[in-house]
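Worksheet for the structure shown next.
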Amino acid sequence: MNAPLTKYSIILLLILCFACRQSPPKTEEDFTVNVRLASDPGKLSPLLSLNGYAEQVQANLFLSLQEFDPKDYSLRPLLIRQAPEVHPIDTGAFSGGVAYDFEILAEAKWDDGKPVLAEDYHFTLKAMFNPEVDGAAPYRSFFDFVAALDIDENNPRRFTILTSKPYILAEAAISSIAIYPKAVYDPKGLLDSFSISDLKKNSFNEMDKQKLIAFAEK
């Protein structure tokens, strides 16, 4: 008679133990996604790196005017209100080229709260065309069609890119370049006095050359 009682007693004791055991404390759900890169991304500056792994990181650090839709690979606005207005240039120094009108979103801001402006995009192009920035040389050949950039005097977010000739990939190229914050990368305004055409000519006096070298080294 004692054996069955012992058996049932043990079962009852186990049930009581499990019933009295406290539930584990609830924790907030973690939605972190960890992505492993197969190789070191190396440099994380879009104008200085051609590394495919770096591009995956850069896409989360720097934004462009438009981005490619992963489903149909069409361009869709990212930092701009809408796709650029495109019209031929019929007069002036760039007659025969094409003009692209952009307007950056009012809500587009840098991490310090300052707005993303046309001068940031203009600075990015000038940094790329700076002949002393050796790492950007591979990109300069792809943007050779870019002739100038005009910023709207009444709207610092609106600007027009003027090209010297029609180019089938022009909108994709000028829309997908990663934009740098000018205030961070050129706080002393080393590139302020240069135009895109000046930089493309690559003919400077000694004082200007030293400014370009100083920027490149920085």
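The values are calculated or read from the model by the stated rules, or taken from the named source; none is laboratory data. Owing to the predicted nature of the structure, the values given are computational and were not obtained by experimental measurement. Counting neighbours? That spans all protein chains shown, and the Cβs are built from the backbone with ideal geometry, glycine included. Calculation scope for accessible area: heavy atoms of the full protein, side chains included, ligands and nucleic acids excluded. Shrake-Rupley method; radii C 1.70, N 1.55, O 1.52, S 1.80 Å.
Within the range 59-82, work out how many residues are closer than 18 Å to residue 110 by Cα and either of a type in the set (Gly, Ala, Ser) or open to solvent by 90 Å² or more (accessible area, probe 1.4 Å) (or both).
5
Write out, first by first residue and then by second, each pair whose Cβ atoms fall under 6 Å of each other, whose residues are 6+ apart or on separate chains, and whose first residue, in the range 60-80, is of a type in the set (Lys, Arg) while the second is assigned to a loop (DSSP other than H, G, I, E, B).
Sorted first by the residue in the range 60-80, then by its partner, the pairs are 76/69.
Which residues, counting only those in the range 83-100, are farther than 15 Å from residue 165 by Cβ and surrounded by 15 or more Cβ atoms within 10 Å (Cβ to Cβ)?
83, 84
Quick check on the range 3-20. Is at least one of its residues modelled with pLDDT of 85 or more and among the basic types (Lys, Arg)?
No, the range 3-20 has no match at all.
Having 2 or more residues that are acidic (Asp, Glu) is the bar; report the helices (runs of 4 or more DSSP H) wholly within the range 112-215 that clear it.
Because the criterion is at least 2 residues that are acidic (Asp, Glu), the helices (runs of 4 or more DSSP H) in the range 112-215 that meet it are 118-129.
Going through 123, 194, 215, 159 one at a time, which residue ends up being in contact (Cβ under 8 Å) with a residue 60 or more places away in the chain, in contact with a Leu (Cβ under 7 Å, 6 or more places away or on another chain), closer than 27 Å to residue 86 by Cα and surrounded by 13 or more Cβ atoms within 10 Å (Cβ to Cβ)?
123
Within the range 44-68, restricting attention to residues that are more than 15 Å from residue 139 (Cα to Cα) and either of a type in the set (Gly, Ala, Ser) or over 12 Å from the mean Cα position of the chain (by Cα) (or both), which residue is modelled with the highest pLDDT?
Result: 64.
Any residue in the range 96-120 that's under 15 Å from residue 152 (Cα atoms): show its pairings with residues that are among the aromatic types (Phe, Trp, Tyr) and assigned to a loop (DSSP other than H, G, I, E, B) at Cβ separation under 9 Å, as long as the two are six or more apart or on different chains.
If the second residue must be among the aromatic types (Phe, Trp, Tyr) and assigned to a loop (DSSP other than H, G, I, E, B), the pairs left are 116/110; 120/110; 120/180.
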